[in-house]
Amino acid sequence: MTFRSLTTVGLLLATIGLASATTAPRARKAPEPPAAMPVEEMIQMAEAGNVQIQIMLGKLYFTGDARVARDPAAAARWFRAAAEQGHPIAQFNYAICLDTGQGVEQNQREALSWYAKAAEQGVREAALNLAITAESLHDYELALLYYERLAQAGFVNSMRKVATFYEIGRGTEPDPERAFRHMLQAARNGDVRAQLKVADYYQRGFGTRSDLKQTVNWLWTAAGNGDPEAQAKLGFCYLQGLGVARDPNTAVAWFERSARAGYAPAQVALGNVHLDGTGVEADPWESARWFRRAADQGDPVGQFSLGASYAIGRGVDKDEEQALQLFRQAAEQSYPPAQYNLGFFHENGIAMEQSNPQEAVRWYRKAAEQNDANAIHALAVCLLEGKGVEADRERALELLEQAARLGSKAAIQDLREHFNRRF
């Protein structure tokens with residue numbers, strides 16, 4: 001796996017520091033050669049073992065200038081020469097070459113060893129790259145070791161990383177209390193995503209006691225720092241009265257703030273309050289407009305909600321073909337209500353030339369596997385009637401009982417009518 005969620009820091013050169021926004025210290029500077037020094041003279045000094053000139057040549061060939069063309073292979077060669085003499089900046093730079101395949105054949109495992117040499121000599125950027133590379137190679141124990149060192153040194157992103165590792169048991173056994181402590185440390189140091197996670201931990205009682213007031217407090221902090229997800233979740237707390245007094249007007253204000261920042265779940269939530277007239281005047285056209293903005297981002301709930309609007313002509317002109325397309329898009333993202341609706345359209349031949357009971361059963365099953373009560377009931381009825389599938393009353397009974405437990409009134413009625421069972 002080559003994709004990384006964190007950006008690898010760049011070469012430690014005279015004027016090149018960190019390539020990503022982290023809390024890492026400024027990169028060390030290597031002294032610049034005199035502007036007039038001929039390259040040939042530099043090469044002679046480097047070949048004689050002058051480590052500083054070797055690093056300078058590495059930089060010169062890595063970037064190129066009016067004197068020499070860019071030559072990553074030459075850069076890597078000179079970085080290695082200095083690295084083998086124990087220079088930490090050269091060790092880090094050569095590791096970058098190996099890690100990214102610049103001037104040498106890519107070898108991330110060998111890069112780890114050079115990062116480690118530089119890190120042991122105090123180059124914190126090397127420790128960060130080592131942790132990132134180890135994680136990409138699924139060497140989670142090594143990654144955790146260095147993320148913990150960085151967290152202790154004050155790297156806020158690494159505090160959150162360590163918390164995540166302890167939360168899911170990556171490179172160690174799951175430890176909710178340690179996860180909470182590290183996440184709280186990152187949150188207190190201003191990490192907005194950590195603030196959101198701490199709110200989640202308090203809501204779930206993960207690694208700490210469940211405390212909805214603390215959930216709201218941390219959502220306020222993250223929302224005030226501009227996090228759209230926190231803003232949407234804070235709106236939900238106000239809408240439902242979780243940890244705060246119920247206040248639909250305040251809920252709508254937070255949904256709007258998040259939705260205008262482009263957060264799709266908030267756009268769906270805003271569509272729903274406009275649909276229901278909760279905290280605002282009911283307006284199905286405005287509702288559909290917000291559903292569309294979420295759907296246009298590929299959000300499955302937005303696609304489903306807009307599809308439902310088209311299916312019944314709510315806030316838009318009725319268009320069953322458009323509804324079918326939107327339901328399919330959401331269903332293919334495994335959203336159960338859309339899978340059920342897609343099954344319903346196939347069962348009844350809506351927006352298509354003829355019905356397709358087999359395809360209906362396929363989609364009902366997908367939604368039923370995710371405990372969607374409507375789909376479980378629909379699948380039970382198909383089994384009762386032998387529609388799109390071989391009839392099986394015994395299995396139909398099991399599914400009707402399951403749907404009834406999930407609150408399906410239709411399933412309760414069918415249990416009474418077809419099996420004389422009262423639920």
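The values are calculated or read from the model by the stated rules, or taken from the named source; none is laboratory data. This structure is a prediction, so every number in the text was calculated from the model and none was measured. Neighbour counts run over all protein chains shown; Cβ positions are idealised from the backbone, glycine included.
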Cβ contacts < 7 Å: first residue assigned by TED's automatic domain parsing to the domain that holds E347 and among the β-branched types (V, I, T), restricted to the range 373-389; second residue part of a helix (DSSP H, G or I) and surrounded by fewer than 19 Cβ atoms within 10 Å (Cβ to Cβ), any location; separation 6+ or different chain. Result?
I376/Q402
Condition met for E320 (in contact (Cβ under 8 Å) with a residue 12 or more places away in the chain, outside the structural domain of S408 (by TED's automatic domain parsing) and out of contact with any Gly (no Cβ under 6 Å at 6 or more places or on another chain)):
yes
For the range 85-110, enumerate the residues that are crowded, with 24+ Cβ neighbours inside 10 Å and either outside any helix (DSSP H, G or I) or among the hydrophobic types (A, V, I, L, M, F, W, C) (or both).
I89, A90, F92, A95, I96, C97, L98
If you check N374, N420, which single one turns out to be polar (S, T, N, Q) and buried (at least 20 other Cβ atoms within 10 Å of the Cβ)?
N374
Going by the structure shown, is G343 free of Cβ contacts under 8 Å to residues at least 60 places away in the same chain, closer than 21 Å to G388 by Cβ and not charged (D, E, K, R)?
yes
Being closer than 26 Å to G298 by Cβ and among the aromatic types (F, W, Y) is the requirement here; does Y238 meet it?
no
Filtering the range 236-257 down to residues that are over 26 Å from the mean Cα position of the chain (by Cα) and part of a helix (DSSP H, G or I), which residue is farthest from H274 (Cα to Cα)?
T250
Do you know which of the residues in the range 273-320 that are closer than 19 Å to S334 by Cα and of a type in the set (S, T, N, Q) is surrounded by the most Cβ atoms within 10 Å (Cβ to Cβ)?
Q303
Q413 is checked against (1) part of a helix (DSSP H, G or I); (2) in contact (Cβ under 8 Å) with a residue 12 or more places away in the chain and fails just one. What number does that condition carry?
(2)
Can you report the number of residues in the range 46-73 which are more than 44 Å from the chain's Cα centre (by Cα) and either assigned to a loop (DSSP other than H, G, I, E, B) or not assigned by TED's automatic domain parsing to the domain that holds Q85 (or both)?
4
